[in-house]
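Below: the structure, in structure tokens.
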Amino acid sequence: MDIKRNVEEILEDIKKCSPYPEKVKLVAVTKYSPVEDIDLFLTTGQNICGENKVQVIKEKIEYFKEKEKKVEWHFIGNLQKNKVKYIIEDVNLIHSVNKLALAQEINKKAEQINKIQDVLIEINIFGEESKQGYNLEDFEKDIEELKKLKNLNITGLMTMAPFIEEEKVLRKVFSDLRKVKDELNEKYFFGSLTELSMGMSNDYKIALEEGSTFIRVGTKIFK
Ligand SMILES: *Cc1c(COP(=O)(O)O)cnc(C)c1O
């Protein structure tokens, strides 16, 4: 494992594959990684880390706070409403808002600490087989309610591609998410959706070509 070299490779890929590399941010998914490896990752000058479990992100946040190291924490996993309170103070971005009730809870907890919480809406583009995320019709039904939430700032969309290797299918998922973002911007958001969180270790190059602005990479950095 050579974290530094892996990160350099990914940064090169961003330059090669993205139509707008200056907009792309690397989220290092640290869910498999002990804090020692995250420390190494931070020496590359990158500092966005993503976790998918509340308990784990809490522990890691505390560890790096104590060491006075600046990390930008992103929550990328399924978030239960009753656990929002544990992370709200410390996360920069929640990638995985998939229900109105969750959005309302985030809004409420953010309001209590005077914070505007940036979030992405997770959309289930591929359909039945992957269960996570809003389906698009449900999201559209909730938009007016979501827009009332003053302490919630929706900055874009996220999706999980299916676990398959077929490039054509993956590419379609990513380009569909980009089209959905453009349509939603026109109909409801007046251009305020700027982010697309899509692409992981096995498919981030395709996602970059299709316009990703956040790639979430774990295995390729840490293994
Ligand atoms: C684990 C995970 C990733 C990273 O997956 P890798 O294949 O290890 O790069 C990205 N996004 C989410 C939501 C994850 O849970």
*Cα gyration tensor of segment 7-123, axes a ≥ b ≥ c as square roots of the eigenvalues: rounded (a/c below 1.5), prolate (a/b > b/c) or oblate?*
oblate
*Lys, Arg +1 and Asp, Glu -1 on Cβ, resulting dipole of segment 152-223 about Cα centre, debye, nearest 20*: 180
_Cα point-scatterer Debye curve for segment 62-153, base-10 log of I(q)/I(0) at q = 0.17 Å⁻¹_ = -0.73
*If you build the Cα gyration tensor of the chain and take the root of 5 times each eigenvalue, what three semi-axes come out, in whole angstrom, biggest first?*
26, 23, 15
*Value in Å of the Kirkwood radius, where segment 144-223 supplies the Cα pairs that are averaged*: 13.5
_With +1 on the Cβ of every Lys and Arg and -1 on the Cβ of every Asp and Glu, and nothing else charged, how large is the dipole of the chain about its Cα centre, in debye rounded to the nearest 20?_
460
*For the chain, modelled as a GNM with alpha-carbon contacts under 10 angstrom, which of PRO162, PRO19, PRO34 fluctuates the most?*
PRO34
*Sorted from largest down, give the three principal axis spans of the alpha carbons of segment 40-86, whole angstrom values.*
34, 19, 12
*asked:* Less than 18 Å apart at the alpha-carbon level, and either on another chain or at least 8 residues along: which lysines does that give for LYS187?
replied: LYS141, LYS147, LYS148, LYS179
*For LYS69 and LYS168 in the same chain, what is the full-extension length gain: residue separation times 0.36 nm, less their Cα-Cα distance, in nm?*
31.6 nm
*asked:* Roughly how far apart, in whole Å, are the Cα centres of segment 1-33 and segment 110-187?
replied: 22
*the chain: most fluctuating residue of ILE143, ILE76, ILE154 per GNM, C-alpha cutoff 10 Å*: ILE143
*Span-like helix ranges in the chain, DSSP H, alpha carbon extent 24 angstrom or more, Kyte mean at least -1.0*: 167-184
*Please find, in a Gaussian network model of the chain (springs between Cα atoms separated by less than 10 Å), the residue of GLU111, GLU122, GLU51 whose mean-square fluctuation is greatest.*
GLU111
_Under DSSP loop assignment and at most 11 Cβ neighbours within 10 Å, longest chymotrypsin sites (Phe, Trp or Tyr not before Pro)-free interval of the chain_ = 33-162
*Hey, what do the phi angles of segment 216-221 turn into as Karplus ³J(HN,Hα) couplings, whole Hz, using 6.51/-1.76/1.60 and θ = phi - 60°, x for Gly and Pro?*
10, 10, x, 3, 5, 8
_Just to verify a number: FRET efficiency for ASP182 and ASP39, C-beta to C-beta distance, R0 = 45 Å, to 0.05?_
0.70
*Show that you can apply the helix-only estimate: for the chain, add -39,500 (n - 2.57) for every DSSP H stretch of four or more residues, divide by all residues, and state [θ] at 222 nm to the nearest 500.*
-12500 deg cm²/dmol
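Throughout, read-outs are computed from the coordinates displayed, never taken from laboratory work. Note that the structure is a prediction, hence the values are computed from the model and not measured. Note: ideal-geometry Cβ built from the backbone for every residue, glycine included; neighbour counts use all protein chains shown.
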